[in-house]
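*Asks:* This is the structure, below, for whatever I ask next.
Each reported figure results from applying straightforward, stated rules to the coordinates on display, with no laboratory input. Keep in mind it's a predicted model, so treat the numbers as computed, not measured. Cβ placement follows ideal geometry from the backbone for every residue including glycine, while neighbour counts extend to all protein chains displayed.
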Amino acid sequence: MGKLIFLKGVATAVVAMGATGAPLAWSDETIHYGPVEAWVTPVPPLKAPPPKPDASDVPLRIVLLNSQLSLDDDANRYYSEIVVQIQTPAGLDAGQKAVVWNPQTQTVTINKLQIQRDGEVIDLLAKGQTFTILRRENNLETSMLDGVLTGVLQPEDVRVGDIISYAFTVCENDPILKGNAEALLYNAMPLTAERLYMRAEWPKTKPVRYRVSSDFADAKVALRKDRQSVVIDRTDAVVPKAPKFAPLRYRQFSQLHLSQFADWAAVSGLMAPHYGHDLPPASPLNAEVEKLRKLPDQKAQAMAALRLVQDQVRYVFIGLNQGSYIPATPDETWARRFGDCKGKTVLLLALLKGLGIEAEAVLVSTVAGDGLNERLPGIGMFNHVLVRATIDGKTYWMDGTRSGDRALDRLPVPDVSWGLPVKASGADLIRIEVPPPTLPLWDYSLTIDATKGLDIPAPTEGEIVLRGDTAIAIRQSAGAMMPSERDKVLRKYWKDEYDFIEPTTVSLTFDETTGDAHLRMTGKAKMAWRYTSKLGARRYETDGYSLGWTSDLARDDGPNKDAPIALDYPLYNRHSETIRLPYDGEGFTLDGENVDTTLSARHFRRQVKLDKGVFTMEASTRALQPEIALAEAETNAPAIKALSDKDVYLVAPQKYTATEAEMAALRATTPKTAQEYLQRGRKLLSGGGHYDDALADFNAGLKLDPKSGALLTNRGLVLFSLKRFDEAQADFEQALTLNAHDWQAMRGMAYIYWQRKQYRQASDLLLRISEAIPGDTEILGMLAATYAGDGQQDKAIEIFRKITTLEADNPKAYLSLAHALLDCGPVKGEACDARRAEAVEAYDRAIALKPTASLYAKRQAARPKSARQARFDDMDKALALEPTSATLIRTKIKLHIEYEDYAPALDLINGLIEAAPKDLRNYELRVDIHKGMKRDDLAAADIDAIKALDTDKAMLFNTACWLRATRNFELDKAKADCTQALKLSPDEASYMDSSAFVELRLGNHAAAIKLYDTALKAEPDQAESLFGRGIAKIRLGQTADGQKDIEAARVIDDEIETTFKGYGVTP
């Protein structure tokens, strides 16, 4: 609503409104030329500019900025002078001069336009150069008719090095303000001004107040005769840099504000007569009021009145004929069917008044509302006017210039900070606070049906619901498009939002009840399931889960450095995603955390779930207030950044098997080159180990390219998996003859050596690979396992420690380290205890990263027996995560048995047997509990119950035999049970081993050896049979042969002696 007078390329400006007095020559569309008026104080530059420009890449050198203002009774006069030196060709544009004025209330006089060059002053005005007046409306494209004129002059022969001096005076008298003056002088020049001079003066009798920004606190006040003045005079003046992210009121610098208004009530009362129109009896609007009155209640009537003004009266700003401040009458606006904010407000007020609805106009600023209460009162502070209606005690803010509002309760509170009610009695500013949104303003949802497989384009449905001003803007822009253009724009929008989805159909609809915009899409998604070596599996990064961000809050030294942080407000965004997985999600896991926290006045929430093959996610960020203290923002910045580091992934099973649809799609392709056969073969392998199909592809590829190292290596890996080791070795060796540095072929050879227990050769190859590819944790893991297999446990542990430094955020790295540490082997005593303590620490780190029931259970097993309470605590934590896991419950039962806590163990095992009466593992445990309680009769009854189960009878009899034999009771029955097992399965080596152990227990050593011989013929590497036979031979005096068997058993299983000791059997 104020007027901006500016120089093109120069950011020194004034907003000024004049006072009535002696009549001047208004409606003047002529640019006048004349000398500087006597009231202007001459201000020379502080130093003469050099004849040649300084060596600089800055286009302009600002020599002088001189702004002066005289607030008189008859008019306000504004004088502006700028002296610049053009330093580069880019600065030549500053040679063009322009002035803008409103001929209805202003006159303009050009006082000076000169060029200094090589000591010569060239007076362009004296040479006859004049300004050209542009008659077009400057803002016509934004529906504004303001009558403002622009004068421009392009000086001739402007050169680099020229010093241009330009000055003009604008005289203004606006009768609307009834003698009240106000003005705002400010400097927004981004360059340093060698001299900045601002001065305002007024008659001593004129009650003008002034206020300066903080950087102008040294302004000088002077009284000369009957006139008062305020002066700012600066050298090397630079506008202070606004503090980053600060609210607007902390970013106002280099300003001198003047006002004659006593208070805001005076401004309110001044405007009141223009906003209190009653509809005359003959007004055609009376008929509209009667139509509205038929609606059921005042809320419906008010909404319908607003829609009438929004939808049937188009927006055009009218600044002609005092229209900057005075609205057209309701009938004028209705007849024209166009109007600006003032005209639409008056029209809406008249309708509401006719309906008996309480309402008033409120002046607001849409660009400078924050801090308005700290400024001097003035009408120029406002650029918009709204209607505040009250119905049933509730306030509704109504804006006739908007379009698309559909629900009174959904009308937004304007984000303007302050408003001035227009009242005949006057009113003070009121605070206008925007409440946090209760519904998401941007609401995304995506549903992906991946049940056909990870690599099959997945049917997808998406919807974005837009609410509030965004929905209104979409309605306006979409309404101006042809259907084909709208379809094209929507498709591009969806593609930009989700680049992996190919839209099939798109649509845009609007809810006429709420005004919400609904963007919908169907299409096909190509989901990026990427393999990660850390997990040994493919994973998918879900969509829209992200919360938080990284904030650089560091501010430069300067004014208001500690100002609050302005937030993006109002803000409420929500993303929802549903993904249906193949195989009902079996084997898939969710890697992501729920979040529900408030930081820096923003509520971050994320809920993720994977249940019965359906992944669901909802993530939202909602701002709760518009600003916060800097200290709070700095304190919470690390936590907010940490949120952004928390990703959400779906992880496929390590041995994911391709679906029928995926296999059909693969087989439907027809490779034509060796490379295409290689690619398809790899996909067949990664899709679930289709070895025969993959082998056929690699064979076909090698026919086309027999010297393809990649095909040879991949075929070798397939042959290795098929246990065709010699053929696999031949392929690896041939690949290495083609490329001695083919590390994939080297890894294949390492597999061969590993399988043949040639650990030294395997480790040599893996060392070479790790040197070529340092930091490859998969190779390092294989190397560590090779050292462990070779008995070099210390080296294995060191490598696993290295892996934890490379993958400090990978729980599996710590799990592997713990497993290696727990394998003490020949290390005994304190050294083994130290390893176990380090293993517990490794489990601690893994649990801190991702607590799982399995990790808690493993940690308790690693703890020493003396840490009884800690072990039970771990089991309780494990069961809290998986309370129905029978495996975990059995682990806790074994822990009770270890500490001879038989009563709680019995309660737990009884519960398991009741839940799973056919699971023989539960009976086995109860046998141990009863034995511990010295109840052999109950233990024997449980063993007989095992034989009665409805499953593999041979296996059940063998289990009964083994339990009796290892627990050393009812050995005759044990022998009978083993005899029955072998009768049912005579060639089963494990049953022979059980029968042999019974004979060993009975002292029948020769019979035991005979049975062990038969068992070992079938299973030569059965450690228990070797160890048992060794004991039997020693007891028969065959010490040397027996010791050989025992040593062979120890090589296979270094814990075999401990196992037999647990049975009470030693050599």
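*Asks:* Using only the Cα atoms, what convex hull volume per residue in Å³ does the stretch 851-950 have?
*Replies:* Values: hull volume 9.0 nm³, N = 100.
Cα-based convex hull of the stretch 851-950, divided per residue, equals 90 Å³.
*Asks:* Output the peptides 202-209, 912-919 sorted from most to least packed, where packing is the average of other Cβ atoms within 10 Å over each peptide's residues. Walk me through the numbers before you get to the answer.
*Replies:* Details: 202-209: 15.8, 912-919: 13.2.
In descending order of packing, they fall as 202-209, 912-919.
*Asks:* May I ask you to list the aspartates and glutamates whose Cα is less than 12 Å away from that of Lys934, ignoring any residue fewer than eight positions away on the same chain?
*Replies:* Those aspartates and glutamates meeting the cut-off are Glu900.
*Asks:* At a Förster distance of 35 Å, what's the computed FRET efficiency of Lys707 paired with Ala808, Cβ-Cβ distance as r, to 0.05?
*Replies:* The calculated FRET efficiency here is 0.25.
*Asks:* Excluding same-chain residues fewer than 8 positions from Lys225, which lysines have a Cα within less than 28 Å of its Cα?
*Replies:* Filter leaves Lys178, Lys204, Lys206.
*Asks:* What FRET efficiency comes out for Asp278 versus Glu332 if R0 is 22 angstrom and r is the Cβ-Cβ distance? Round to the nearest 0.05.
*Replies:* Numbers: r = 15 Å, r/R0 = 0.66.
Result of the calculation: an efficiency of 0.90.
*Asks:* Highest first, please rank the peptides 805-818, 547-560, 779-792 by the mean number of other Cβ atoms sitting within 10 Å of their residues. Before the final figure, lay out each step's value.
*Replies:* Numbers: 805-818: 18.9, 547-560: 13.4, 779-792: 21.0.
Highest to lowest by the protection proxy: 779-792, 805-818, 547-560.
*Asks:* Shifting gears a bit: Residues of the stretch 870-892 with the amide nitrogen closer than 16 Å to a label point 7 Å from the Cα of Arg921, along Cα-to-Cβ, please.
*Replies:* Under cut-off, by backbone N: 879, 882-892.
*Asks:* Could I ask something else about it? Could you tell me the relative contact order of the chain? Use alpha-carbon pairs under 8 Å, at least six residues apart, and round to a whole percent.
*Replies:* 6 percent
*Asks:* Mind sorting Met198, Met617 by how few other Cβ atoms lie within 10 Å of their own Cβ, fewest first? Mind showing how you got there, number by number?
*Replies:* Details: Met198 27, Met617 24.
Sorted ascending by nearby Cβ count, the order is Met617, Met198.
*Asks:* Another one. Count the lysine pairs in the stretch 966-1067 whose Cα atoms sit under 19 Å apart, keeping only pairs 8 or more residues apart in sequence or on different chains.
*Replies:* For the stretch 966-1067, qualifying lysine pairs total 12.
*Asks:* Compute the distance in nm between two label points, each set 7 Å from the Cα along the Cα-to-Cβ direction, one at Ala188 and one at Lys294.
*Replies:* 5.1 nm
*Asks:* At 7 Å along Cα-to-Cβ for each site, give me the label-to-label distance between Tyr493 and Ser721 in nm.
*Replies:* Using points 7 Å along Cα→Cβ, the separation is 4.6 nm.
*Asks:* In Å³ and rounded to a whole number, note down the convex hull volume per residue for the Cα atoms of the stretch 592-732. Write out the running numbers ahead of the final one.
*Replies:* On the way: hull volume 26.7 nm³, N = 141.
Per residue, the Cα convex hull of the stretch 592-732 comes to 189 Å³.
*Asks:* Let me ask something else. I'd like the GluC sites (Glu not before Pro) in the stretch 540-595 restricted to DSSP loop residues with at most 16 other Cβ atoms within 10 Å, sorted by number.
*Replies:* Working: sites: Glu541, Glu577, Glu586, Glu593; in loops: Glu586, Glu593.
Passing sites in the stretch 540-595 are Glu586, Glu593.
*Asks:* I'd like the Kirkwood hydrodynamic radius of the stretch 952-1067, using the inverse of the mean 1/r over distinct C-alpha pairs, in Å. Walk me through the numbers on the way to the answer.
*Replies:* Values: mean 1/r = 0.0729 Å⁻¹.
About 13.7 Å, per the Kirkwood formula over Cα pairs.
*Asks:* Here is a follow-up. For Lys127, list the lysines whose Cα falls under 30 Å from its own Cα; do not include residues on the same chain fewer than 8 positions away.
*Replies:* Lys8, Lys47, Lys52, Lys97, Lys112
*Asks:* While we're on this one: Between Met481 and Thr589, what is the label-to-label distance in nm when each label sits 7 Å out along the Cα-to-Cβ direction?
*Replies:* With each label placed 7 Å out from Cα toward Cβ, I get 4.4 nm.
*Asks:* Quote the FRET efficiency, to the nearest 0.05, computed for His32 versus Ala528 with a Förster distance R0 of 56 Å and r equal to the Cβ-Cβ distance. Could the numbers behind the result be given before it?
*Replies:* Numbers: r = 70 Å, r/R0 = 1.25.
Here the calculated transfer efficiency is 0.20.
*Asks:* Ignoring everything except DSSP H segments at least 4 long, calculate the 222 nm mean residue ellipticity for the chain; use -39,500 (n - 2.57) per segment, divide by total residues, nearest 500. Walk me through the numbers on the way to the answer.
*Replies:* Values: 32 runs with 411 residues, N = 1067.
Taking each H run of at least 4 residues, the total per residue is -12000 deg cm²/dmol.
*Asks:* Along the Cα-to-Cβ line of Asp1013, 7 Å from the Cα, sits a label point; which residues in the stretch 973-999 have backbone N less than 15 Å from it?
*Replies:* 996
*Asks:* Taking Cα pairs under 8 Å and at least six residues apart, what relative contact order does the stretch 661-763 come out at, in percent?
*Replies:* Working: 118 pairs, mean separation 18.3, N = 103.
Once divided by the residue count of the stretch 661-763, the mean separation gives 18 percent.
*Asks:* Where in the stretch 570-590 does the label zone of Thr616 land, with the point 7 angstrom along Cα→C-beta and an amide N cut-off under 13 Å?
*Replies:* 576-580
*Asks:* Moving to a separate point now. Counting DSSP beta bridges in the chain, what percent are antiparallel, to the nearest 5?
*Replies:* Values: 154 of 176 bridges.
Restricted to the chain, the bridges split so that about 90 percent are antiparallel.
*Asks:* Going down the list Lys394/Lys423; Lys612/Lys894; Lys492/Lys672; Lys609/Lys802; Lys534/Lys892, which pairs span over 23 Å between their C-alpha atoms?
*Replies:* The pairs that break the limit, which is 23 Å between Cα atoms, are Lys612/Lys894; Lys492/Lys672; Lys609/Lys802; Lys534/Lys892.
*Asks:* In addition: Taking a quarter of the surface of the convex hull around the Cα atoms of the stretch 706-783, what do you get in nm²? Walk me through the numbers on the way to the answer.
*Replies:* On the way: hull surface 18.5 nm².
About 4.6 nm², averaged over all directions.
*Asks:* In whole Å, largest first, what are the principal axis extents of the Cα atoms in the stretch 267-432?
*Replies:* 45, 36, 30
*Asks:* Would you please calculate the Kirkwood hydrodynamic radius of the stretch 795-898 over all C-alpha pairs and express it in Å, rounded to one decimal?
*Replies:* Values: mean 1/r = 0.0710 Å⁻¹.
So the Kirkwood estimate lands at 14.1 Å.
*Asks:* Starting from 0 in steps of 10 Å, tell me what percent of the Cα-Cα pairs of the chain lands in each bin.
*Replies:* Histogram of Cα-Cα distances, whole percents per bin: 2, 7, 11, 14, 14, 11, 9, 9, 8, 6, 4, 3, 1, 0.
*Asks:* Are there DSSP H segments in the chain that both extend 27 Å or more along their axis (alpha-carbon positions) and score a mean Kyte-Doolittle hydropathy of at least -1.0? List them, or say none.
*Replies:* Going by DSSP H runs, the hits are 829-849.
*Asks:* Counting pairs of Cα atoms in the stretch 927-992, how many percent are more than 19 Å apart?
*Replies:* Working: 578 of 2145 pairs.
So the pairs more than 19 Å apart make up 27 percent of the total in the stretch 927-992.
*Asks:* How long is the gain from Ala90 to Leu738 if the chain were fully straight, where each residue apart is worth 0.36 nm and the alpha carbon distance is subtracted? List each step's numbers first, then the result.
*Replies:* On the way: separation 648, 0.36 × 648 = 233.28 nm, distance 6.20 nm.
Here the answer is 227.1 nm.
*Asks:* Projected area of the stretch 61-109, taken from the Cα convex hull and averaged over every viewing direction, in nm²? Don't jump to the answer; show the numbers that get you there.
*Replies:* On the way: hull surface 17.0 nm².
Directional mean of the projected Cα hull area for the stretch 61-109 stands at 4.3 nm².
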